[in-house]
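Only one structure is covered here, and it is reproduced in the block below.
We did not get these values from a lab; they are worked out from the coordinates using the rules stated. As the structure is a prediction and not an experimental result, all values here were calculated from the model. Note that we place each Cβ from the backbone using ideal geometry, even for glycine, and neighbour counts take in every protein chain shown.
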Amino acid sequence: MPIQKFIVDAMLGRLARWLRILGYDTLYDNSYEDWKIIKISQEQNRIIITRDRGLCNRAKKKNLQCFFVDPDYDLIDILAQMSKKYKIDLHVNIEATRCAECNGILLKTGENKWQCTRCRKEYWKGKHWKSIEEILIKARSKIEDNELSKNRRSESRGGKETSKNSKTSNNAEARAT
Ligand SMILES: [Zn+2]
């Protein structure tokens, strides 16, 4: 069972749903105000996820963990970054999955069928399952790519001109892949 718990700020509902699918206890409500997010994070030991740099700074001053979601990155990048930072497992274990809608715990009701114990929504391993897996495969490969580009950057040390040249070639490589 995953131990990290999260509270997700407004506008990041899609990310909250993903964390629930991955089995992480994740609170999300579009109407949470900053003070409430900080209070819940303190009381329930939850990592705050937000696009609000100010909220992140306030949380960190109170020794709370906060993950800043950079708006320049897409969902797959964010999942890869979070996986690295919080050791989030980017594989779905349906036995541990939580209800994407309400964070409730799922109960197996039949062959490949589950139901949320809170909101009663039903889940099954259907066509959509493939697209979930595809996104997670992409996110997992991003983790490897990030490491590759980091290695490349550290190789290009030297004079100003050389680093400028190698930067251009790095970009070309990135575009080619
Ligand atoms: Zn539910």
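Things to note:
- Odd one out for TYR123 among (1) more than 17 Å from LEU19 (Cα to Cα); (2) within 13 Å of the ligand (Cβ to nearest atom); (3) touching a strand residue (DSSP E or B) at 6+ places or on another chain (Cβ under 6 Å): (1)
- Of the listed requirements (1) closer than 18 Å to GLY13 by Cα; (2) surrounded by 11 or more Cβ atoms within 10 Å (Cβ to Cβ); (3) in contact (Cβ under 8 Å) with a residue 12 or more places away in the chain, PRO71 misses just one: (2).
- First in the stretch 1-21 and within 18 Å of CYS66 (Cβ to Cβ), second anywhere and among the charged types (D, E, K, R), Cβ under 7 Å, 6 or more apart: LYS5/ASP25; LYS5/ARG46; PHE6/ARG46; ILE7/ARG46; ASP9/ARG51; ASP9/ASP52; MET11/ARG51; LEU12/ARG51
- Within the set VAL8, VAL92, the sole residue that is surrounded by fewer than 19 Cβ atoms within 10 Å (Cβ to Cβ), of a type in the set (Val, Ile, Thr), closer than 23 Å to LYS138 by Cα and touching a Phe, Trp or Tyr at 6+ places or on another chain (Cβ under 9 Å) turns out to be VAL92.
Residue-wise test of (1) in a loop (DSSP other than H, G, I, E, B); (2) within 14 Å of the ligand (Cβ to nearest atom); (3) farther than 18 Å from TRP18 by Cα; (4) within 13 Å of the chain's Cα centre (by Cα).
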position	(1), (2), (3), (4)
MET82	no, no, no, yes
ILE88	yes, no, no, yes
CYS102	yes, yes, no, no
THR109	no, yes, yes, no
TRP114	no, yes, no, no
CYS119	yes, yes, no, no
ILE132	no, no, no, no
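- Some residue of the stretch 49-59 being under 19 Å from GLY104 (Cα atoms) and part of a helix (DSSP H, G or I): no
- Considering residues of the stretch 90-100 that are assigned to a loop (DSSP other than H, G, I, E, B) and of a type outside the set (A, V, I, L, M) only, the residue nearest to the ligand (Cβ to nearest atom): CYS99
- Positions within the stretch 20-64 being among the hydroxyl-bearing types (Ser, Thr, Tyr) and in contact with a strand residue (DSSP E or B) (Cβ under 8 Å, 6 or more places away or on another chain), in sequence order: TYR24, THR26, TYR28, TYR32, SER41, THR50
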